[in-house]
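Presented below is the structure to which this report refers.
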Amino acid sequence: MAGVFNPSRLAGKTVLITGASGGIGAATAILFARAGSNLILTARRQAQLDEVAAAATQAHREGGTGKGGKFVTLTLDMQDRTAIKGLLDRIPDDLKKVDVLVNNAGLVYGKEVVGEINEDEVDTMFNTNVLGLITLTQLFVREFKARNSGHVINLGSIAGKEPYAGGSIYTATKHAVDAFNGSLLRELVGWNIRVSQICPGMVETEFSVTRFRGDRDAATAVYDGLQPLVAADIAEEIVWAASRPEHVNVADVLVFPTAQASATINHRGPLGQQK
Ligand SMILES: NC(=O)c1ccc[n+]([C@@H]2O[C@H](COP(=O)([O-])OP(=O)(O)OC[C@H]3O[C@@H](n4cnc5c(N)ncnc54)[C@H](OP(=O)(O)O)[C@@H]3O)[C@@H](O)[C@H]2O)c1
């Protein structure tokens, strides 16, 4: 039956994931591996990438597709434009034909208001979330056009749809991703190349730990009284988008926990007990 969920469409495909050393990127790697994809996993922390590659090897075995299962890890700092431009040369020949690019690496620092924001942190957020993503995407869009095939999946955010106080820089970076994604989608309408944006609400990963500069209590408090999404919830959305038939492009997906309705509206406490 046409259109029915068929993860075997991913078997033998090659997927490059940025920020694959933890959180959503790592969970996404595991699901693609289970579906029989090959993986190029990038991030700054090599030891964590190695752990994800080992878990992916196991997931691939359990998936039992008999396809794919070639995994390579490459350290890459998304702030380093020269390193990004050199990435293709570092990918082994048998994985050079990338089918899906998952632009996942990203981060937020702090909740400071404008006037009190550390300028180095502004640079880090923009360089990672926006400029690195653009550089890498340019590289692969050229490849995809040459083959008239490929899929770019960008990790946006509710923060890219809705600004909030204390999030000026992060929301600006994710609005930039939203705009970039939208322009790319329009530019590629005449090509057999898909462009998707997945926009999560609250996902409990290391994201908030980074935001609060290592303060785990402050990070945990973000999710007090509600059930947040977990990394695998968003990985499922990413793999879902990638596993649609070639004529289907999942353009934009906004995913909240059930207890969240906007960047700032959420419900803490049991559900279904309102008067
Ligand atoms: N968690 C949420 O609530 C949420 C909500 C909406 C959107 N998102 C988006 O989802 C994406 C993944 O976030 P997450 O929740 O999985 O956070 P996470 O657990 O903190 O993971 C972030 C990943 O990004 C990588 N990264 C950070 N800076 C990097 C750099 N300069 N170069 C290369 N990789 C870098 C990290 O790897 P290394 O440290 O090893 O480099 C890590 O693998 C981000 O784009 C984030 O904005 C998250």
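Quick note: the coordinates plus some simple rules give every number you see, no bench work behind them. Here the structure is a predicted model, which is why all the values come from computation and not from measurement. Quick reminder, even Gly has a Cβ in these numbers, built from the backbone with ideal geometry, and neighbours come from all protein chains shown.
For this structure, a couple of remarks:
- Residue 248 meets the conditions (1) in a helix (DSSP H, G or I); (2) away from the ligand (no atom under 14 Å from the Cβ); (3) surrounded by fewer than 19 Cβ atoms within 10 Å (Cβ to Cβ) in every case but one. The failed one is (1).
- Within segment 144-168, considering residues that are within 12 Å of the ligand (Cβ to nearest atom) and β-branched (Val, Ile, Thr), the one farthest from residue 242 (Cα to Cα): 158
- Number of residues in segment 100-126 that are within 8 Å of the ligand (Cβ to nearest atom) and more than 20 Å from residue 198 (Cα to Cα): the value is 1.
- In the set 41, 95, only one residue is closer than 30 Å to residue 172 by Cβ, in contact with a Ser or Thr (Cβ under 9 Å, 6 or more places away or on another chain) and not small (Gly, Ala, Ser); that residue is 41.
- For segment 13-126, the helices (runs of 4 or more DSSP H) that sit wholly inside it and include 2 or more residues that are within 18 Å of residue 242 (Cα to Cα) and β-branched (Val, Ile, Thr) are 23-34.
- Failed criterion for residue 196 (all others in (1) within 12 Å of the ligand (Cβ to nearest atom); (2) under 18 Å from the mean Cα position of the chain (by Cα) hold): (1)
- Test result for residue 81, in contact with a strand residue (DSSP E or B) (Cβ under 9 Å, 6 or more places away or on another chain) and surrounded by fewer than 17 Cβ atoms within 10 Å (Cβ to Cβ): no
- Segment 219-245 - residue that is part of a loop (DSSP other than H, G, I, E, B) and hydroxyl-bearing (Ser, Thr, Tyr) and, of those, nearest to residue 22 (Cα to Cα): 223
- Among (1) crowded, with 18+ Cβ neighbours inside 10 Å; (2) under 20 Å from residue 210 (Cβ atoms) - the single one residue 181 does not satisfy: (2)
- Qualifying position, being surrounded by fewer than 18 Cβ atoms within 10 Å (Cβ to Cβ) and within 14 Å of the chain's Cα centre (by Cα), among 232, 261: 232
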